[in-house]
1. For the stretch 200-212, take each phi angle, set θ = phi - 60°, evaluate the Karplus expression 6.51 cos²θ - 1.76 cosθ + 1.60, and give the result in whole Hz per residue in order, putting x for glycine and proline.
2. Once the principal axes of the Cα atoms of the stretch 211-291 are found, what is the range along each, listed largest first in whole angstroms?
3. Which of Arg106, Arg84, Arg291 ends up with the largest GNM mean-square fluctuation for the chain, with Cα atoms connected below 10 Å?
4. How far, in degrees from 0 to 90, does helix 255-264 lean away from the longest principal axis of the Cα atoms of the chain, to the nearest 10?
5. Please list, or write none, the lysines whose alpha carbon is within less than 26 Å of the alpha carbon of Lys328, excluding same-chain residues fewer than 8 places away.
6. Quick one: work out the % antiparallel among DSSP beta bridges in the chain, nearest 5.
7. What are the residues whose amide H is under 5 Å from the amide H of Leu267, where those residues sit 5 or more places off or on another chain and H is modelled from the backbone?
8. Compute the signed sum of charges (Lys and Arg +1, Asp and Glu -1) over the other residues within less than 12 Å, Cβ to Cβ, of Asn251.
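The values are calculated or read from the model by the stated rules, or taken from the named source; none is laboratory data. Small disclaimer: the values here were computed from a predicted structure and weren't measured. As a convention, Cβ positions derive from the backbone with ideal geometry for all residues, glycine included, and neighbour counts pool all protein chains shown. Each accessible area value is taken on the protein alone, full model and side chains, heavy atoms only, with ligands, DNA and RNA left out. Shrake-Rupley method; radii C 1.70, N 1.55, O 1.52, S 1.80 Å.
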Amino acid sequence: MTDTKKKTILSGMRPTGKLHLGHWTGALENWVSLQDAYNNFHLVADYHALTTSLDTSDLYQNTIDMVIDWLAGGIDPSKSPVFRQSQIKEHTELHLIFSMLVTTSRLERNPSIKEQVRDLEIENITYGHLGYPVLQAADILLYRGDLVPVGEDQLSHVEITREIARRFNATWGEVFPEPEPKLTKFARLPGLDGKDKKMSKSMNNTILLADAPETVEQKLRKAPTDALKVRRNDPGRPDVCLVFTYHEKFNPEETGEIRAGCESGALGCVDCKKRCAARINEFLAPHIERRKEYEARPSLVEDILRDGESRGRAVAGETMEAVRTSMKLG
Ligand code: TRP
């Protein structure tokens with residue numbers, strides 16, 4: 001139930017299907033650990049998915065696959081409503097009002113739009129895609145979110161949300177908080193292809209939360225390490241090695257020993273990777289078990305979404321009342 005003394009967390013993800021370790025370390029881990037201290041709301045950004053693909057045929061299955069990872073990862077839907085943006089009409093309403101509070105040039109300057117449309121010219125970006133952060137601002141502020149636990153790539157969107165909240169409040173009266181982003185320690189987990197690119201589905205460099213142990217071993221076997229450590233006994237440089245980053249996250253107790261072994265040349269990359277895979281698999285084993293329980297009961301996941309949607313709708317409706325009153329609309 002909503003506790004009015006607690007602050008509110010709103011966070012969401014686009015429904016890209018099964019999640020990977022980067023989603024866990026970048027956001028989901030924070031969502032789970034903060035769900036008792038805050039009122040959490042978690043949104044499936046299915047309208048946001050339309051900004052990059054109009055093909056909706058996999059949207060539903062991708063939503064279910066992602067929500068199962070949230071639940072298996074520890075989101076308790078009785079505490080934290082989980083819902084689809086498209087099922088709560090207030091998102092589109094607030095998005096329209098907010099779209100009057102931000103200039104197109106501000107949106108064109110948004111660094112993440114530049115990255116997302118790498119292959120496109122600005123003339124080919126749709127109006128909806130350019131307005132992506134405005135819809136995100138509506139997502140956050142409809143629930144009057146105080147805190148937004150997200151990965152590093154989302155910081156610029158939270159900044160635009162803060163600007164929109166300030167603009168609204170200054171124009172029509174105090175309705176919204178100015179939400180703060182909250183990064184995890186590993187807000188940017190590198191992908192399997194090297195230390196400088198983040199793990200992401202589009203780069204095909206992920207370890208999925210649902211990957212079987214053999215798959216994890218296989219994927220790690222192919223991962224690059226320090227290019228100067230050619231033979232087993234060559235001394236290595238853990239700080240440039242991707243696998244060491246994974247040890248730091250998933251095997252913190254042994255990092256001292258791994259660092260020493262790598263630097264002295266006593267520990268070869270093959271063994272180091274095996275140890276890393278074993279720890280990641282230990283971390284994933286309970287997740288995979290819980291996933292199976294939800295996969296066996298698809299109607300349970302649907303019920304969880306419907307329940308989250310009716311609870312989300314109630315809060316969103318209240319916020320829209322406050323918005324209309326302050327704007328003297330009706
Ligand atoms: N933009 C986020 C992403 O690409 C998804 C998102 C939509 C979101 N609405 C949000 C994240 C609100 C945090 C809060 O992953």
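1. Listing the rounded values in order: 7, 4, 5, 8, 6, 10, 10, 10, 7, 5, 9, 5, 5 Hz.
2. 41, 24, 17
3. The residue that fluctuates most here is Arg106.
4. Value to nearest ten degrees: 40.
5. Reachable lysines: Lys89.
6. Taking every DSSP beta bridge within the chain, about 15 percent pair in antiparallel fashion.
7. Placed amide hydrogens put Cys262 under 5 Å from Leu267.
8. +1
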